[in-house]
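Report on the following structure.
The values are calculated or read from the model by the stated rules, or taken from the named source; none is laboratory data. All of these numbers come straight from a predicted model, not from anything done at the bench. Positions of Cβ are backbone-derived with ideal geometry, glycine not excepted, and every protein chain shown enters the neighbour counts. For the accessible areas, the whole protein counts, side chains as well, though only heavy atoms, and no ligand, DNA or RNA atoms are used. Shrake-Rupley method; radii C 1.70, N 1.55, O 1.52, S 1.80 Å.
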Amino acid sequence: MPVENEQNFVPIENVVGFLADSLPFSLLDPKELNRLAKKCLVDFFPKGTRIFQQNVTKVDYLHIIEKGGVKSYLSLDGADEGSATLVDFRGEGECFGALPIIQGTTANLNVETIEDTFCFLIGKDDFQKVLDEHKGIAQYFLRTMSEKLVKGVYAELRQKKAAPQAEGALHLFSAPVEDIAKGKLFSAPSTATVQEVARLMSDNYIGSLLLTDQSGKIVGIITDKDIRSKVVAQGLAYTSKAETIMSSPVQTISNLSVGFDALLKMMKERVHHLAIEKGGEIIRMITTHDIMVHQGTSPLYLFREIVSQRHIEGLYALSKKVPFVIRSLIEEGAKANNITRMITVLNDHILTKLLTLLQEDLGPAPVPFSWLLVGSEGRREQTFKTDQDNGIIYEQSSDPAIAQKAELYFKEFAERAINHLVQCGYPLCPGDIMASNPKWRQPFPVWENYFFKWCGTPNPQEVLNSTIFFDFRSGYGEASLAEKLRESLNRIIKREGIFLLYLARNCLASRPPLTFFKNFIVEKNGDHKNTFDLKSKAIVFIVDFARLMALKHGVNEVNTLDRLMALNGEYLSPGLCGECIEAYEFLMHLRLVHQLNVLEKGAEPNNYINPEDLSDLERQTLKEVFSVITRIQDVVRLEFQITDL
């Protein structure tokens, strides 16, 4: 029997202060908080009191825990108490009873105090009025990963964990390219001479000029660099036609793009100028100079340093500059996906420069090859702590002499490359998944056979060890070899459905934590821990889920968010897919900020966070992430008809 408690009115100022610090009521303005506080009652429940009895208790109040804590659990009809399923622990500032009030039902869970507990009570009519008048509050109770809370937690992470940006700094992620681009648009006929074009550029203090054909259509671009490298350095006559040295076609970007999009495109395409296109017409030029003028710490500086290196040793110190670039992106409000994309672009440039210089030293390879990137490198999800995970795939030669020459060449190439990458700050893979290991340096048919074996005759341990290879992409060399391997893998997967079942079971082999209680992480079995591994206890579930569903449906994307977006709608419900994306972005953001803080304290980045270091908003968002992970595991169970895990 529930203990009968005396209810008393509480001083308003005490309740207002408490609600102002408790989600979601902290979203209310002071006037509304004051109105709600006047309606609040207080109640006391000794330890061991069952406040709600599942399917029996009529819920007339929303309970907000002022002091103490409760556990909630489910009981099966007729089952003894020992078979109850623990659902959650809730502590100070958290509430219970919302769902039965919203749905107009009796209690959906048993709720029992685990300590002497005081609660503030809000009557159901007053609570319903708050829900009706404040969509943000209603969204909090009705949806996980609510947009308003996610935005709030990002803002809090930036404010709490990173120094504020300088006044006037560029909003790189919101400013349209049109607003960043400076200067007027200049053009000249493509039949003009080099000297005429150079004079026009000099007179107008510009570093590039667009060229047009007889109809006025833009057909190319000339830059300062073209005149230096193609005319002056080569001794070409100044009377030569400008069209003989122009670059064509002109790289363009939509006027709807923001500065960050332009930055990424310039770095990927290795250009310094982009024409801004609006309604099919070129309206302006945006240059690297425009971006750097508006941004103090620019990735472009680092990019230029990488590109300008003429010796591999010159690359060693550059990877250590990446955290400074990333810090500025966090300060500017970049989400995790943008940050990991930038880390990937920078790391890819370092790798490309390193392998290019190495090939210049060793000479060309005897057969075409591709440097494969696997795992987080393959998925373009690198953070500050990324081990090397790579391999080499090369064309098999029918000539034994060439085949032997290729084997020797790639052995030396791989061993020297791995050593240089270590010097650049990329640690060795503890599992030896690197091109220096002969097992991962093989011709195409051998790689194809690896996947045949993993998929055709799977066993639980091999499936676990091989998942990293299913996230591969070409990092350097002949990308067509990696693409051909992907096509082959898709055919294999279609034939070997048993492999997907093993992957699905792997997704269910462990479970996310249940909840937070005070400064502890609570596991499903009730165990408490004081540290939390963001990677193995949260991120990996979403990565594995996206990989499983992508392989099942033949989606070629390897990046987790790209996979989820490709699956959205046709193979995954938009609601669940949206929540997965929000959950993954939040986890990666929390991980990046944590690693940056650790790095700036002079320690090695890791994935372990202490619940004590988290704010209430971060804890609440993490709890919602655990809930999303539980739902995607339910989807896996249903999709693959797994009932014994």
statement: Filtering segment 593-612 for residues that are part of a helix (DSSP H, G or I), open to solvent by 40 Å² or more (accessible area, probe 1.4 Å) and modelled with pLDDT of 85 or more leaves a count of 0
Selected residue [over 28 Å from Thr344 (Cα atoms) and either open to solvent by less than 20 Å² (accessible area, probe 1.4 Å) or under 24 Å from the mean Cα position of the chain (by Cα) (or both)] from Leu501, Leu508, Leu534: Leu508
- request: Could you list all residues from segment 528-575 that are in contact (Cβ under 8 Å) with a residue 40 or more places away in the chain, among the small types (Gly, Ala, Ser) and on the phi < 0 side of the Ramachandran plot?
  value: Ser536, Ala538
query: How do the pairs read when you match residues in segment 343-368 that are farther than 14 Å from His311 by Cβ with residues anywhere that are among the small types (Gly, Ala, Ser) and surrounded by fewer than 20 Cβ atoms within 10 Å (Cβ to Cβ), using Cβ under 7 Å and keeping only pairs 6 or more apart or on different chains?
result: Val367/Ser397
field: Per-region count, segment 95-125, residues among the aliphatic types (A, V, I, L, M), in contact with a strand residue (DSSP E or B) (Cβ under 6 Å, 6 or more places away or on another chain) and either in a loop (DSSP other than H, G, I, E, B) or open to solvent by 50 Å² or more (accessible area, probe 1.4 Å) (or both)
entry: 3
task: Scan segment 464-471 and give yes if some residue there is modelled with pLDDT under 85 and at negative phi, otherwise no.
output: yes
message: So the check is Cβ under 9 Å with 6+ separation or different chains; which pairs have a first residue in segment 96-115 that's under 20 Å from Ser22 (Cα atoms) and hydroxyl-bearing (Ser, Thr, Tyr) and a second one that's in a strand (DSSP E or B) and open to solvent by less than 30 Å² (accessible area, probe 1.4 Å)?
response: Thr113/Phe45; Thr113/Ile51; Thr113/Val70
query: Residues of segment 423-467 being closer than 24 Å to Glu412 by Cα, open to solvent by less than 30 Å² (accessible area, probe 1.4 Å) and of a type in the set (Val, Ile, Thr), which ones?
result: Ile433
- request: Would you point out the residue of segment 27-63, among those that are open to solvent by less than 50 Å² (accessible area, probe 1.4 Å) and part of a helix (DSSP H, G or I), that is farthest from Ile122 (Cα to Cα)?
  value: Glu32
Any chance Phe260 is touching a Phe, Trp or Tyr at 6+ places or on another chain (Cβ under 6 Å), closer than 30 Å to Pro176 by Cα and of a type outside the set (S, T, N, Q): yes
Selection within segment 161-211 - farther than 21 Å from His272 by Cβ, at pLDDT 90 or above and not in a strand (DSSP E or B): Thr191, Ala192, Gln195, Glu196, Arg199
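Every residue, every condition in (1) more than 27 Å from the chain's Cα centre (by Cα); (2) free of Cβ contacts under 8 Å to residues at least 60 places away in the same chain; (3) assigned to a loop (DSSP other than H, G, I, E, B), yes or no:
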| position | (1), (2), (3) |
| --- | --- |
| Lys411 | yes, yes, no |
| Arg416 | yes, yes, no |
| Gly425 | no, no, yes |
| Leu428 | no, yes, yes |
| Gly431 | no, yes, yes |
| Ser436 | yes, yes, yes |
| Trp447 | yes, yes, no |
| Cys455 | yes, yes, no |
| Glu487 | no, yes, no |
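Out of Leu638, Leu564, Leu590, Leu551, which single residue is surrounded by fewer than 17 Cβ atoms within 10 Å (Cβ to Cβ), assigned to a helix (DSSP H, G or I) and among the aliphatic types (A, V, I, L, M)?
Leu638
Out of Leu599, Leu622, which single residue is farther than 24 Å from Leu548 by Cα, touching a residue at least 24 places away in the same chain (Cβ under 8 Å) and under 20 Å from the mean Cα position of the chain (by Cα)?
Checking each option against the conditions leaves just Leu599.
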field: Subset of segment 363-394 that is at positive phi and outside any helix (DSSP H, G or I) - its residue that is surrounded by the most Cβ atoms within 10 Å (Cβ to Cβ)
entry: Arg380
query: Which one of Ile542, Ile521 is open to solvent by less than 30 Å² (accessible area, probe 1.4 Å) and at pLDDT below 90?
result: Ile521
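Here's the yes/no breakdown for (1) over 42 Å from the mean Cα position of the chain (by Cα); (2) modelled with pLDDT under 85:
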| residue | (1), (2) |
| --- | --- |
| Asp43 | yes, no |
| Lys47 | yes, no |
| Val56 | yes, no |
| Tyr61 | no, no |
| Asp88 | no, yes |
| Phe96 | no, no |
- request: Considering every residue within segment 567-584, establish whether at least one is part of a helix (DSSP H, G or I), open to solvent by 20 Å² or more (accessible area, probe 1.4 Å), over 27 Å from Val87 (Cβ atoms) and out of contact with any strand residue (DSSP E or B) (no Cβ under 7 Å at 6 or more places or on another chain).
  value: no
